[in-house]
Amino acid sequence: MTAQAFFQVLASGLLMGLLYALIAVGLSLIFGLMDVVNFAHGEFLMVAMYATFGLWAIVGVDPVLLMPLVIAFMFVFGAAVYLGVVRFAMRAKTNSGMVQIFATFGLAILIQGVSQLLFSPDYRSIPASWLGGRTVSIGGVFLPLPQVYGGLISVLAFAGLYLLMSRTDFGKALEATREDQGAVALVGIDRNKVFALGWGLGAALVGLAGSVLAIFYYIHPQVGGPFALVAYVVVALGGFGSVFGALAAGLIVGVVESFAAIAMPPAMKSIPVYLLYLGVVFIRPSGLFGRL
Amino acid sequence: MTGFNRRHVLIGTAAATVTARPAFAQAPAEIVIGALYPMSGANAQVGVDARNAFETAVDIVNGMHEVALPGAKNAGLMGLGNAKIKLVYADHQADPQKGRAEAERLITQDKVTAIIGCYHSAVSNTVSVTCEKYGVPFMCADSSSPSLHRRDLKFFFRPAAHDEFFSKGMFDFLDAQKASGTKIETLGLFYEDTIFGADSSNTQRKLAAERGYKIVADIKYRANSPTLTSEVQQLKTADADVVLPSSYTTDAILLIKTMGELGYKPKNIVAQAAGFSEKAVFDAVGDKLDGLISRASFALDMAGKRPSITYVNDKYKARGNRDLNDNTARQFMAMLVLADGIDRAKSTDGEKVRAALAATAIPGDQTIMPWGKVAFGADGQNVDADPVLIQYIGGKWVTIFPKSVAAAPAKWPM
Amino acid sequence: MTASPILDVRHVSKRFDGLLANDDVSVSVARGELLGLIGPNGAGKSTLFNMIAGAFPVTSGEIWLDGTDITAVAGTRRCAHGIARTFQVPRSFDTMSVLENVMVGSFMRTASASTARIRALETLEYVGIAGRAQAPAVDLTPPEKRRLEMARALATEPKLLLLDEVMTGLTPAEAKAGVDLIRRVRERGVTIIMVEHVMEIVMPLVDRAVVLHLGKVLAEGKPSEVVRDERVIKAYLGDRHRAA
Amino acid sequence: MTPRRWQLVVLFAVTAGFVAVPAVLRDAYLLNVLILTLMYAALAQSWNILGGYCGQISLGHALYFGCGAYVTSLLFTKLGVSPWFGAMAGGCVAAVLALALGYPCFRLAGHYFSIATIVIAEIGLLLVHNWDAVGGAQGIQWPISRDSWWTLQFARNKAPYVYLALGLFVITWLVTYWIEGSRWGYWWRAVKDNTEAAESLGVEVFRSKMAAAALSAFFTAVGGGFYAAFVGYIDPESVMTFRFSLLFALPAVLGGIGTLWGPLVGAAILIPMTEITRSYMGGSGNGVDLIIYGALIMFIALAKPEGVLSLFQRDAKPEAAR
């Protein structure tokens, strides 16, 4: 492999990794807050992509400008999912974990059906936008602008999330709720409100990823699946609930996958990623940065 | 086919009394045909498009149309007292088991005369076996795996080409280009990890070896992968004279986008249709595809030689808001071939329809396809379904090969 | 009662990431004895308790049970050697009934479900919650849960029973009933080690008390002597001052 | 008679009912739904052994299902071995596989374990997908042969498959029943409810998990062997995808996890619902079938978090004194 090809593969892997991290962090946040694995996470991403597409088709404004609208929509959507579905799934006295998995799994199928009904099963894409299809070459290493934009958004989102968690009352409430749910009720924090906001925030982060992805990826009702699988692995590899872990694991997965596709038949490029996950948790059962 | 044993036949008779097929003394008013397609899931659009193609075909059969297609002129099926065709759709969700179950339901509950389907080769596989067991003809409209007609099935019919024909057509074209002085030495294979990708690439690999092309990239990728960057990087490094992709819609979009992002402009692309005949791909990345060559069972610009094409395409477009393509044209034509068989059988009896289909002889100019004719071999494969190669130039498809039907010479390099 | 101790903890130390939780602790428990393991918060009582129960390994030292070195015996296997324990926060099997919970304990000594059921019912009778045998464990009141834990542990037919703060959170009446139960268990010949934070509860009950402070044995002896020990008073007072 | 013995009577009655169905119901499609229902009930019961009783939530059982389907198909098409033996062989291979994978995986807890099972099954899927010697993406086609109990091939007659699926369900049920009443059953449930407490009572936690995994994998693979013979064609996408792993767990969860009848009740609701929404609404291509299906799963999961079975049981658990 030439040095140029090496750096190309590395750069592509890092850019994709930042996006994986952004997709995964919402999942990790929700998990860390309340120990729920959202099986409709891929569908959240899909909804965000359709939201971007739909707004673009109606308003005709560039997806970059639509991002705040998409985030706001996804925030409401996430909070609504908590209040309308997950809240009830948490009432189960025993095996509430399984109930949550299957309630959100049912939700995932439902969302797919609704998308098919509203948007038809056809593959959509946003053919022309400011960033779409543009690319810059630095010393022969090509950096597609949509992905660079996505990477920047991801870095900013993580920085913002860090500030939010450490500097604001909302962040402290989140932190307190995840530390000790019982004690929180005592100090008068409304648990349901914190959870709803947490779900809103988690969904808004996926919304961010979806609004970026819509610029350069195709959109259809099943688009979420492969991304969701990557997101689960990223979250678990980084450690459930760890925001920084999601970032680190996203980058690792992106780079490993990128090089694996060069080193072995690309059809099997996910295998090294999966083996890496297994290797890590066999040594550290709570992932890279997780607390058990 | 090891044949039905006595017991089997007896069970069949017993089932027949229950399912009570219409007696042909009195012609039925409706002939029911089952169409089995993916109607939900990742390929649901294929099912929706197929539906429009079939409705167009049935419209032509059931009504009176002045167009050179079998069964068009008179209303309904003449052989069955102008009976009309009615279609029943079912969703197989790309699952061979579900396809089989739906086929059984269509046969036993809806009492279909024949089944048409199924896009996914894996599903066509189990559905055709089920049809065989019930003695109901299976019209394979658009599955192109060569293994399908090699199972000694008596009730299996495929009017269109399979992947070996298609790949052979592509290599004949490459040979012809080479003979005319173009330098074509190296090939890059890029194919998904499915039956389609395996069948396509196996044939291409074999033909490349036989005809002296060097394969410089042989890339099997995971279908619907989130990213294809490293895969495309390898194609770019190899920089083959011709890239031969076998990809469906999603990956075709991603492949072309990624090529652009990595600053890779392939010298030529000769595609195994599939995604590269779908409207969604050209909506998304059409601007990057000027000069793309694809094999095809169908070419719109052959309307000069086949006047029925414009007629049919207009009708189809009115329903589906898109032009006929490789898949929908095959689906449309398969339905006409099936209707023609039932018409000549003058019966809805499976065995009689089978016999009539086996005796099909539709001349090429009675189709919308570039085929020489429709006539099935003992294995149910139409032997004269040669594909053409078409090139996407200025937003339109132009037939470029073989010479006999070409509207223009190929633009080479793309 | 033979002279050889049933439990002999020899120079045991435990280190967690640089923190020395137990420092060269030696404790010997006689057969049939009721020992109180007391000390202020952070004294290392729970650490010692968990090492005897086998919940985590020692850093150095040895633990002998009835003449056998069990230092290297894994937690699961210690029960077979005759050590049973309760948990500070009761850990019932919540999808099972009370009876089934105790049967898990009975299965330590028998593979037969019918034998296990009979023994479990006897044990429930003994601890006084036989009437709740069919109730789901999750529905028990906190004092009932403590009794269930005791029953489950007794069902394994232990030589040594380790009780982890079983009196915490009980009302005086409940605590009195608990004390009665512990006395009766002890009369059966089961050696008992009780860990308690609050001295007032244990002192009237135990034969002997061992006071841990800052990971070391501070004092040991008759309860009446121990409570008068200057060092003990200081340690506890200090603790109270800190707490206040 | 103890309430536990009554369960056997219920089983007998249920079995007798199912045995009679093919005599009165001739519709191939409905029988097909029945076969799938019984098969998924058996598979969910197998999953329930590990997931429901022992509490190890595997979302990778498609691996064992695929293992059974592949071993059975390969032995039959390459060596002519009857699927009866093929399914047993597949079961044994899966059990060994489960032990080998359980060794490292059972150190993991909760979601880390579940994700590990998903990931391992995905690795298996990718390997089989790219392994040409076992058919790769093209899969394995069973030859069309005459009706025979030896090859388990029946062209139009659905009754034999009903009986086979029923047999599989009854066997998995009986095994579960036997386990539920034995020391292993108590140990597994103790492991599920509280591992540390279980350990303190001498429960062999690791051995319990391994035994449950091996047994669960064995029956899942036998089910896979049945499925291969029933469908007559397998490829990696149609037997090894994540979708199947969910479909094995779902009936158990909907019906009542860790209960004897939960898997059957769950399958009896879920499978006909899946099939009928698809068959009678799926042809339109507008996604309404998915909307109804998804909403129903969600509704059941939320309305009856302890499983549909809890409707019929107040607080009296099946394990009663005498």
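The values are calculated or read from the model by the stated rules, or taken from the named source; none is laboratory data. All values reported here derive from a predicted model rather than from experimental measurement. No Cβ is skipped: glycine too gets one built from the backbone with ideal geometry, and neighbour counts run over all protein chains shown. The area values use the complete protein model at the heavy-atom level, side chains included, leaving out ligands, DNA and RNA. Shrake-Rupley method; radii C 1.70, N 1.55, O 1.52, S 1.80 Å.
Some notes on this structure:
- Cα-centred dipole magnitude for region C:95-157, charges only on beta-carbon of K, R (+1) and D, E (-1), debye, nearest 20: 60
- Distance cut-off 12 Å, percentage of C-alpha pairs in region B:329-377 lying past it: 59
- Nearest-ten-degree value, helix C:172-187 long axis tilted from longest Cα axis of chain C: 80
- Expected 222 nm ellipticity per residue - DSSP helices of 4 or more, -39500 (n - 2.57), all of the protein assembly as shown, to 500: -18000 deg cm²/dmol
- For chain C, average projected area of the Cα convex hull in nm²: 13.6
- Taking the centroid of alpha carbons for each part, region B:49-90 and region D:56-122 are 49 Å apart.
- About the centre of its Cα atoms, the protein assembly as shown shows a dipole size close to 1300 debye [charges on the beta carbon of Lys, Arg (+1) and Asp, Glu (-1) only; nearest 20 debye].
- Dipole of region D:16-241, positive end: most advanced residue of D:GLY17, D:ALA44, D:LEU31 [Cβ charges, Cα centre]: D:GLY17
- Pairwise centroid distance, computed over Cα atoms, of region B:111-136 with region C:181-240, Å: 82
- Note that region C:95-157 presents 32 Å² accessible area per residue, ligands and nucleic acids not counted, probe 1.4 Å.
- Between the listed residues B:VAL353, B:SER167, B:PHE138, the Cα displaced farthest toward the positive end of the dipole of chain B, a dipole computed from Cβ unit charges relative to the Cα centre, is found at B:VAL353.
- All C-alpha pair distances within chain B, sorted into 10 Å bins from zero, spread as 5, 23, 32, 23, 12, 4, 1 percent across the bins.
- Computed from Cα positions, the angle between helix A:41-59 and the longest principal axis of chain A comes to roughly 70 degrees.
- Put simply, chains A and D cover up around 3900 Å² of each other's accessible surface, both sides summed, when a 1.4 Å probe is used.
- Compactness of region C:95-157 was expressed as the Cα radius of gyration divided by 2.2 N^0.38 Å, which yields 0.96.
- Of all accessible heavy-atom area on chain A, the percent that carbon and sulfur account for (1.4 Å): 71
- Across all Cα atoms of region D:97-231, the radius of gyration (one decimal) and Dmax (whole number) stand at 19.0, 58 Å.
- Contact order normalised by residue count of chain B, Cα under 8 Å, 6+ apart, percent: 18
- Measuring nothing but protein heavy atoms, the accessible surface of chain B at 1.4 Å probe radius is 54 percent carbon and sulfur.
- D_trans [Stokes-Einstein, Kirkwood Rh over alpha-carbon pairs] for region B:148-234, 37 °C, 0.692 mPa s, µm² s⁻¹: 221
- Region A:1-135: Cα Rg divided by the 2.2 N^0.38 Å rule of thumb: 1.27
- Relative contact order for chain C, counting Cα pairs under 8 Å that sit 6 or more residues apart, in percent: 27
- In summary, the aspartates and glutamates within cross-link reach of A:LYS172, defined as a Cα separation below 15 angstrom excluding same-chain residues under 8 places away, comprise A:ASP180, A:ASP190.
- Pairs of Cα atoms farther than 19 Å apart, region D:160-255, %: 54
- Gap separating the Cα centres of region D:145-200 and region A:142-158, nearest whole Å: 51
- The apolar share of the surface of chain C, taken as the fraction of accessible area on carbon and sulfur atoms (1.4 Å probe, ligands and nucleic acids excluded), comes to 55 percent.
- At a threshold of 20 Å², the residues of region C:68-89 that become less accessible to a 1.4 Å probe in the full protein assembly than in their chain on its own are C:THR76, C:ARG77, C:CYS79, C:ARG85, C:PHE87.
- Accessible-area ranking of D:ARG5, C:ARG184, largest first, probe 1.4 Å: D:ARG5, C:ARG184
- More than 17 angstrom apart: percent of Cα pairs within region C:127-203: 44
- Placed amide H near B:ILE393: partners under 5 Å, 5+ positions off or other chain: B:GLY291, B:VAL398
- Where Rh is the Kirkwood radius over Cα pairs, Rg/Rh for region D:171-320: 1.02
- Placing +1 on the Cβ of every Lys and Arg and -1 on the Cβ of every Asp and Glu, with nothing else charged, gives region A:3-283 a dipole about its Cα centre of roughly 160 debye.
- When you restrict to C-alpha pairs under 8 Å that are six or more residues apart and normalise by the size of region D:16-241, the relative contact order lands at 42 percent.
- Along principal axes, Cα extents of region D:1-112, largest first, whole Å: 49, 46, 26
- For the protein assembly as shown, DSSP calls about 45 percent of its internal beta bridges antiparallel.
- Over 27 Å between alpha carbons, listed pairs B:LYS133/B:LYS373; B:LYS84/B:LYS352; B:LYS267/B:LYS403: B:LYS133/B:LYS373
- Residue of B:ALA273, B:ALA358, B:ALA29 that the Gaussian network model of chain B assigns the largest fluctuation, springs spanning Cα pairs under 10 Å: B:ALA29
- For B:ASP365, net neighbour charge (Lys/Arg +1, Asp/Glu -1) across residues whose Cβ lies under 13 Å away: +2
- Accessible area per residue in Å² at 1.4 Å probe, computed on chain B: 31
- Bridge orientation summary for chain B: considering DSSP beta bridges with both residues in this region, about 30 percent are antiparallel.
- With an a/c value of 1.5 or above and a/b not larger than b/c for the gyration tensor axes a ≥ b ≥ c computed over the alpha-carbon atoms, region D:16-241 is described as oblate.
- Hydrodynamic radius of region A:3-283 per Kirkwood, over alpha carbon pairs, in Å: 19.3
- Pair-distance distribution P(r) for the protein assembly as shown, from all Cα-Cα distances in 20 Å bins starting at 0: 10, 35, 33, 15, 6, 1 percent.
- Expected-Rg normalisation [2.2 N^0.38 Å, Cα atoms] applied to region B:44-169: 1.10
- On association of chains B and A, roughly 3000 Å² of accessible area becomes buried (total for both chains; probe 1.4 Å).
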